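Report on the following structure.
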Amino acid sequence: MPATACARANVALVKYWGKRPGPLNLPAVGSLSLTLAGLEATASVGPRAAGAPAFMSAGQAVEGTAARRMEAFLERLREFAPGAPPLAVEVGIGFPVGAGLASSAAIFCATAAAGLSALGLSRDRRELSRLARQGSGSAARSVFGGLVEWHRGRRPDGEDSFAEPLAGGDNWPLAMAVAVIEHGPKAIPSRDAMEHVAQTSPFFEAWIAGQDADLAAARQAVGAHDLTALGTIAEQNCLRMHATCFAARPPVMYWRPGSLAVIDEIRRLRAEGVAAWFTMDAGPQVKALCLENDLEVIATRLATVPGVQAVLRARSGAGVEMIEGAPPWS
Ligand code: DP6
């Protein structure tokens, strides 16, 4: 005690959307993502002083649902070290929070690593991924760098639902330009949206049924370093996910006019011969998947699109790292 870890956000190319029942945050589908450099969160975990908040972010106590969720997660970590004092976490985030940039993935992944280290525990990265999953599903993927697959798993105890680096994902200089359309918090958090969609969208079953084929095609594209194939799957998968949202009752609409304008621009770039493919998560931001070498050209163009507030440039990034304290993994 205390310990600090740093983890990066990841963006799914084949989305996690839907859960199995139960308290372990088990996904209804497998997913595949790219971890991004620069979009970082740090988490420092140590003993909680009497009367002090359990969750601080940028020097302020976090309240409400987010605080309760983090407290439950810190308690979950403490179960592994009977007799350990209550824990507190202070996080620092280097990118817009709550706007569809999966900050929860970086936060819970960094908290899981720092928490285990602070408790003097040692767990391999696969176990760390299972644990991070229980804070936020997408956090399971931020344990690893580059292209990552999170296995759905079948077991009710979640032992087979963890992430790992994807075969063939190394040495492929991928990047993403993130067109920020709105800085504010998203209308509906992804957790609530996926639950509502699962319960009310007539397209939800079709979404689940199509996922294994998308995952298989994406895995193959990664193995072959075929960006056209991977980008095409990513676009189709994103549109299928958002179709479930549009068809929910009432509908969930993350798209803003600026989102559509950016998608049009990405398609225009492609028609001009620039290799770029779009994806969107639970927010209006649009991410363009590309090669590092094309990142600047694409980011510069997206910045000219009406409705775009800023464009973040992110290369493929590393998995979770310790900044202070012993790594819990060997
Ligand atoms: C649309 O990981 O935020 O970004 O497990 O409830 O915390 P919880 O959900 P979360 O959902 C991410 C959904 C997504 C798609 C993805 O990242 O795969």
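The conditions of being small (Gly, Ala, Ser) and within 14 Å of the ligand (Cβ to nearest atom) are met by residue 198. Among the residues here, residue 8 qualifies as at pLDDT 95 or above, under 30 Å from residue 226 (Cβ atoms) and either open to solvent by 10 Å² or more (accessible area, probe 1.4 Å) or away from the ligand (no atom under 12 Å from the Cβ) (or both).
Please go through the range 17-37 and pick out each residue that is in a strand (DSSP E or B) and within 14 Å of the chain's Cα centre (by Cα). 27, 31, 32, 33, 34, 35, 36, 37 - these are the residues of the range 17-37 that are in a strand (DSSP E or B) and within 14 Å of the chain's Cα centre (by Cα). Does residue 28 fit the bill of being small (Gly, Ala, Ser), surrounded by fewer than 23 Cβ atoms within 10 Å (Cβ to Cβ) and either modelled with pLDDT of 95 or more or out of contact with any Lys or Arg (no Cβ under 6 Å at 6 or more places or on another chain) (or both)? So residue 28 fits the description; yes.
Among the helices (runs of 4 or more DSSP H) confined to the range 41-149, the ones with at least 1 residues that are of a type in the set (Lys, Arg), modelled with pLDDT of 95 or more and surrounded by fewer than 21 Cβ atoms within 10 Å (Cβ to Cβ) are located at 64-78, 125-135. For the range 150-174, the set of residues classified as open to solvent by less than 40 Å² (accessible area, probe 1.4 Å), within 16 Å of the ligand (Cβ to nearest atom), outside any strand (DSSP E or B) and out of contact with any Pro (no Cβ under 7 Å at 6 or more places or on another chain) consists of 153, 158, 162, 166, listed by residue number.
Take residue 81 and tell me if it is aliphatic (A, V, I, L, M), touching a Pro at 6+ places or on another chain (Cβ under 9 Å) and more than 13 Å from the ligand (Cβ to nearest atom). No. Of everything in the range 288-299 that is out of contact with any Cys (no Cβ under 9 Å at 6 or more places or on another chain) and closer than 13 Å to residue 231 by Cβ, the residue that is surrounded by the most Cβ atoms within 10 Å (Cβ to Cβ) is 288.
The values are calculated or read from the model by the stated rules, or taken from the named source; none is laboratory data. Predicted model, so just to flag it, every value in this text is computed and none were measured. When we count neighbours, we look across all protein chains shown, and the Cβ atoms used for this are built from the backbone with ideal geometry, even at glycine. Remember, those area values only see protein heavy atoms, side chains included, never the ligands or the DNA or RNA. Shrake-Rupley method; radii C 1.70, N 1.55, O 1.52, S 1.80 Å.
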